[in-house]
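The structure appears below as structure tokens.
Every number in this text was worked out from the coordinates using simple rules, so none of it is lab data. Nothing here was measured: the structure is a model prediction, and the numbers come from that model.
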Amino acid sequence: MALRYPHPKIVLSAHPGLKTPAEKSARRLHDQKWLDLLYTVPLEEFIKAWYQQPLFKSLILDEALLKRRLNQSREVIAHMLTHESLAHQSFSTDATFLYGKLDSKFAEIYKSHQISAIELKGVGHACHLENPKLVANTLRETLIL
């Protein structure tokens with residue numbers, strides 16, 4: 001969502017957006033599969049499946065995180081999957097991008113689009129959950145530069 005706004009921004013593990021109609025169409029189908037699952041299984045099962053994606057392999061889904069996610073409503077999750085999908089996002093590199101070194105998918109996305117990004121060592125896609133102090137310190141250093 002932050003990439004839509006003109007103000008300077010720092011984003012964590014953010015996708016710059018899809019470029020082609022074919023990519024966006026494929027993403028809509030991908031999101032629809034998650035929406036279908038959201039409404040056909042218990043919320044806990046959905047959340048566990050979500051975090052089993054390779055993107056989150058470095059994140060430990062502990063009881064505290066699971067409990068926090070179980071407080072979310074299906075409607076809010078559905079809204080995000082529907083309205084904030086990459087299928088609707090314009091391509092933008094107008095930001096300072098940060099990503100976890102263990103997040104090979106986003107490292108490749110930034111490299112393939114020649115996006116300068118700051119790599120955070122020892123964390124993956126959910127870097128703010130995996131090492132909040134590292135992220136806070138990096139943000140502080142980035143803002144001071």
Note to self, the chain gives a 222 nm [θ] from helices alone (DSSP H runs n ≥ 4, -39500 (n - 2.57) apiece, / all residues, nearest 500) of -14500 deg cm²/dmol
Per the C-alpha gyration tensor (a ≥ b ≥ c, the square roots of its eigenvalues), the chain is rounded if a/c is under 1.5, else prolate if a/b beats b/c, else oblate; here it's oblate
Non-local residues with an amide H under 5 Å from the amide H of THR96, with H modelled 1.01 Å from N and Pro and chain starts lacking one, are LYS9, ILE10, VAL11
Its Cα gyration tensor gives the stretch 19-88 an equivalent ellipsoid whose semi-axes in whole Å, largest first, are 23, 14, 10
Honestly the stretch 15-57 on the Cα gyration tensor test (a ≥ b ≥ c root eigenvalues; a/c under 1.5 rounded, otherwise a/b vs b/c for prolate or oblate) is just oblate
Quick shape check on the stretch 56-123: root eigenvalues a ≥ b ≥ c of the Cα gyration tensor, a/c under 1.5 is rounded, otherwise prolate if a/b tops b/c, else oblate, and it reads oblate
With x for Gly and Pro, the residue-by-residue ³J(HN,Hα) of the stretch 20-31, computed from phi through the Karplus equation 6.51 cos²θ - 1.76 cosθ + 1.60 at θ = phi - 60° and given in whole Hz, is 10, x, 5, 4, 5, 5, 4, 5, 4, 5, 4, 5
